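Peer 1: What follows is a structure written as structure tokens; I'll ask about it next.
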Amino acid sequence: MSSSDYQIAVLNYYERGGTRWLRFEEKRGKEHEVPVHSKAKEAVDLWLERSDLASKPSAPLFPSFGKDRETIELRGLDRRSVLKLVEKRAKASGILKRVCCHSFDWYALPNTDPDLLQSRLALQAETAGENGF
């Protein structure tokens with residue numbers, strides 16, 4: 001992924017048919033739209049409300065912070081910052097295995113067969129102890 005992948009603007013988080021969606025562009029210009037899970041919707045809505053980014057449609061949905069770690073800068077996260085966030089969340093979740101930005105990609109596949117997803121989750125749960133997470 002390039003750093004431009006993290007430049008998703010606030011306007012790309014939108015409502016359609018009573019559901020929140022996220023639109024993003026992949027490498028080579030391929031556009032994707034994925035529904036946002038209800039828990040993620042709650043978190044993003046709260047983030048937009050508290051950060052005042054909802055009133056700035058061209059602002060990055062996930063901006064970087066200034067050196068004081070409190071001031072929001074109107075530029076997107078770079079790939080190193082995203083990796084640090086993924087590593088931090090993995091560690092806090094008890095995942096000891098090395099992770100990267102692609103470690104959980106298959107969870108987010110919009111057209112994944114629910115039975116296949118369920119079997120992958122079950123397999124991961126069975127092997128969690130063996131893999132150290």
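Peer 1: Net charge near Pro35: determine it from the other residues with C-beta under 13 Å of the C-beta of Pro35, scoring Lys and Arg +1 and Asp and Glu -1. Display every interim value, and only then the final one.
Peer 2: On the way: positive: Arg16, Arg20, Arg23, Lys39, Lys41; negative: Glu15, Glu33.
That sum, taken over residues with Cβ under 13 Å, equals +3.
Peer 1: Need the list of lysines near Lys67 for cross-linking: C-alpha distance under 24 angstrom, and skip anything on the same chain fewer than eight residues off.
Peer 2: Once the sequence-local lysines are set aside, what remains near Lys67 is Lys56, Lys84, Lys88, Lys91.
Peer 1: What distance in nm separates the simple spin-label points at Leu96 and Trp47, each placed 7 Å from Cα in the Cβ direction?
Peer 2: Label at Leu96, label at Trp47, 3.0 nm between them.
Peer 1: Can I ask one more? Tell me the label-point distance for the pair His32, Glu70, using the 7 Å Cα-to-Cβ offset, in nm and rounded to one decimal.
Peer 2: Label-label distance for His32 and Glu70, simple model: 3.6 nm.
Peer 1: Shifting gears a bit: Note the full-extension length gain between Ser58 and Ser81 as 0.36 nm times their separation in residues minus their Cα-Cα distance, in nm to one decimal. Let's see the in-between values first.
Peer 2: Details: separation 23, 0.36 × 23 = 8.28 nm, distance 2.06 nm.
Full extension from Ser58 to Ser81 adds 6.2 nm.
Any read-out appearing in this document is the output of simple, stated calculations on the displayed coordinates, not a laboratory observation. Everything numeric in this text was worked out from a predicted model, so none of it was measured. In this analysis, Cβ positions are derived from the backbone assuming ideal geometry, glycine residues included, and neighbour counts consider all displayed protein chains.
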